[in-house]
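Enquirer: This is the structure, below, for whatever I ask next.
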Amino acid sequence: MIVREAASTDYGAMSALCEQVDALHAEARPDVFCDPPTPGRSVAYFDSRREEQGAAAFVAELDGLVVGCAIVRLNVIPDIPILRAGRFAYLEELVVARQCRHRGVGEALMRRVEDWARNRQVARLELTAWEFNRGAIEFYQALGYATNYRRMGRNLSE
């Protein structure tokens with residue numbers, strides 16, 4: 001397996017991977033997520049992530065095929081009295097092709113993301129996992145990630 005920075009030639013494969021995770025979210029929480037007008041992600045979406053200062057995109061290849069991708073960006077912690085000002089890395093996307101899960105692809109991508117963050121003197125990596133996505137939560141927990149806070153919601157139209 002090879003994990004490397006994403007190139008524009010990877011966008012089609014990355015978009016197809018994102019379709020899988022988009023469908024999962026739209027099915028589990030149709031009150032929050034919808035089927036996008038066009039499947040996957042646009043070229044503009046990936047370009048903005050690759051070109052944004054403080055952001056990076058990575059892909060994992062097996063036998064020359066892109067089977068996973070990750071997008072990460074740096075965030076600034078605001079300078080308010082109760083928080084320690086600074087920066088942290090935020091994992092926007094992590095997707096592994098269904099047929100390649102449980103083969104170390106996600107872990108290899110996460111290690112690459114963590115190295116990227118460390119090389120930028122960032123001490124913390126954060127991510128979001130929806131409660132319905134037990135597989136993702138268990139995966140991140142196995143890598144040592146823990147819930148730091150909960151973001152809760154309630155549909156008021158019910």
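Coordinate-derived values only; no laboratory data. All figures in this text were calculated on a predicted structure; none of them were measured in a lab. Backbone-built Cβ (ideal geometry, glycine too); neighbour counts: all protein chains shown.
Enquirer: I'm spelling it out carefully: the read-out is mean projected area of the Cα convex hull in nm², the candidates are (i) 12.8; (ii) 10.9; (iii) 8.6, and one was derived from this structure. Which label?
Expert: Recomputing mean projected area of the Cα convex hull in nm² here picks out (ii).
Enquirer: Let me ask something else about it. When the Cα centres of segment 70-106 and segment 11-43 are compared, how far apart do they sit, in Å?
Expert: 19 Å
Enquirer: Hey, got a sec? Which chymotrypsin sites (Phe, Trp or Tyr not before Pro) in segment 22-113 land in a DSSP loop and have at most 14 other Cβ atoms within 10 Å?
Expert: The qualifying sites: there are none.
Enquirer: Taking only DSSP H segments of four or more residues, each worth -39500 (n - 2.57), what value at 222 nm results for the chain once the sum is divided by all its residues, to the nearest 500 deg cm²/dmol?
Expert: Working: 4 runs with 50 residues, N = 158.
Value at 222 nm, helices only, nearest 500: -10000 deg cm²/dmol.
Enquirer: Going toward the positive end of the dipole of the chain, with +1 on Lys and Arg Cβ and -1 on Asp and Glu Cβ, which of Thr9, Ile137, Ala70 do you reach last?
Expert: Farthest along the dipole direction, towards plus: Ile137.
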